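Note sheet for the following structure.
The values are calculated or read from the model by the stated rules, or taken from the named source; none is laboratory data. Keep in mind that this is a model prediction, so the values were computed, not measured. Glycine also receives a Cβ, built like all others from the backbone with ideal geometry; neighbour counts cover every protein chain displayed. Ligands, DNA and RNA are stripped out before the accessible areas are found, and what is left, the full protein with its side chains, is counted by its heavy atoms. Shrake-Rupley method; radii C 1.70, N 1.55, O 1.52, S 1.80 Å.
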Amino acid sequence: MTPPVLACSGIDKHFGALKVLNAVDFAVASGEAVGIVGPNGAGKTTLFGVLAGAIPPSGGSVRYGGVDLTGTGAAARCRSGIARTHQVPRPFLGMSVFENTMTAAQFGAGLSGRAAADCAAEALERTALLHHANRPAAALGLLDRKRLELARALATCPRVILLDEIGGGLTEAELGLLIALIGKLKGDGLTIVWIEHILHALLKVIDRLVCMSAGTVIAEGHPDAVMADPEVRRAYLGGAVA
């Protein structure tokens with residue numbers, strides 16, 4: 001049986017006395033798109049940090065393609081094929097769009113010379129940013145900064161991409177363009193794990209939905225079934241369920 005492309009088992013995370021993740025089990029199959037929802041403080045972004053290697057877990061393990069990566073950091077995981085975006089785009093503002101993406105190809109994927117340049121250009125083309133290649137990143141609007149965040153992740157040659165609330169702050173029209181882009185990446189075979197508060201955007205792309213609350217997974221499965229779960233409705237939507 002083929003192992004999940006990315007999985008964690010029994011993940012705990014404590015910050016002092018504060019327990020943020022509690023025995024989290026999570027797995028995603030190759031080519032699958034999984035959405036993660038939950039109220040603020042549920043532990044979603046902390047889980048991403050653990051999966052990406054930016055935050056060491058207090059307990060449990062992370063496996064990628066069946067290989068234990070628990071003790072490796074973010075740089076090694078990026079080289080292995082795990083990329084992520086952040087809620088607030090983090091471009092190098094003093095660089096051009098192309099230079100930002102080229103840097104990701106060089107330091108994220110370990111490419112150099114023509115191979116890095118070709119990888120950067122392909123990432124910009126896939127995210128509809130190639131015509132902005134020579135613009136300063138500081139001159140981009142929010143949608144294009146989010147596209148650049150995605151392009152930089154793609155330039156690391158990932159097998160799995162972790163999207164952290166990439167739809168936040170966009171207009172409905174802009175969000176539609178971003179949904180179409182993420183849907184195309186899924187169609188190209190990229191494995192996607194997407195945290196998002198904008199539920200209707202998420203549901204247009206994902207195959208499976210996971211709901212977290214208070215540092216634990218409380219439901220997962222088909223999106224319709226998860227959103228109909230009374231516990232999910234109490235935790236995520238708030239209030240009593242009739």
remark   = Flagged in region 122-145 as closer than 18 Å to residue 158 by Cα, surrounded by 17 or more Cβ atoms within 10 Å (Cβ to Cβ) and not β-branched (Val, Ile, Thr), in numbering order, are 122, 123, 124, 126
message = Among the residues that make up region 163-177, is at least one of them hydrophobic (A, V, I, L, M, F, W, C), open to solvent by 30 Å² or more (accessible area, probe 1.4 Å) and outside any helix (DSSP H, G or I)?
response = no
ask   = Of the residues 57, 4, which is touching a residue at least 40 places away in the same chain (Cβ under 8 Å), in contact with a strand residue (DSSP E or B) (Cβ under 9 Å, 6 or more places away or on another chain), under 30 Å from residue 183 (Cβ atoms) and outside any strand (DSSP E or B)?
value = 4
task = Output yes when any residue across region 221-242 is in a strand (DSSP E or B) and exposed (fewer than 15 other Cβ atoms within 10 Å of the Cβ), and no when none is.
result = yes
message = Residues that are β-branched (Val, Ile, Thr), assigned to a loop (DSSP other than H, G, I, E, B), under 30 Å from residue 118 (Cβ atoms) and without any contact (Cβ under 8 Å) to a residue 60 or more places away in the chain: does region 84-94 have at least one?
response = yes
ask   = What's the number of the condition residue 192 fails, among (1) open to solvent by less than 10 Å² (accessible area, probe 1.4 Å); (2) part of a helix (DSSP H, G or I)?
value = (2)
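For region 206-219, give me each residue that is aliphatic (A, V, I, L, M) and open to solvent by less than 10 Å² (accessible area, probe 1.4 Å).
Selection gives 209, 210, 212.
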remark   = Within region 35-70, the residues that are touching a helix residue (DSSP H, G or I) at 6+ places or on another chain (Cβ under 7 Å), small (Gly, Ala, Ser) and under 23 Å from residue 199 (Cα atoms) are 35, 38
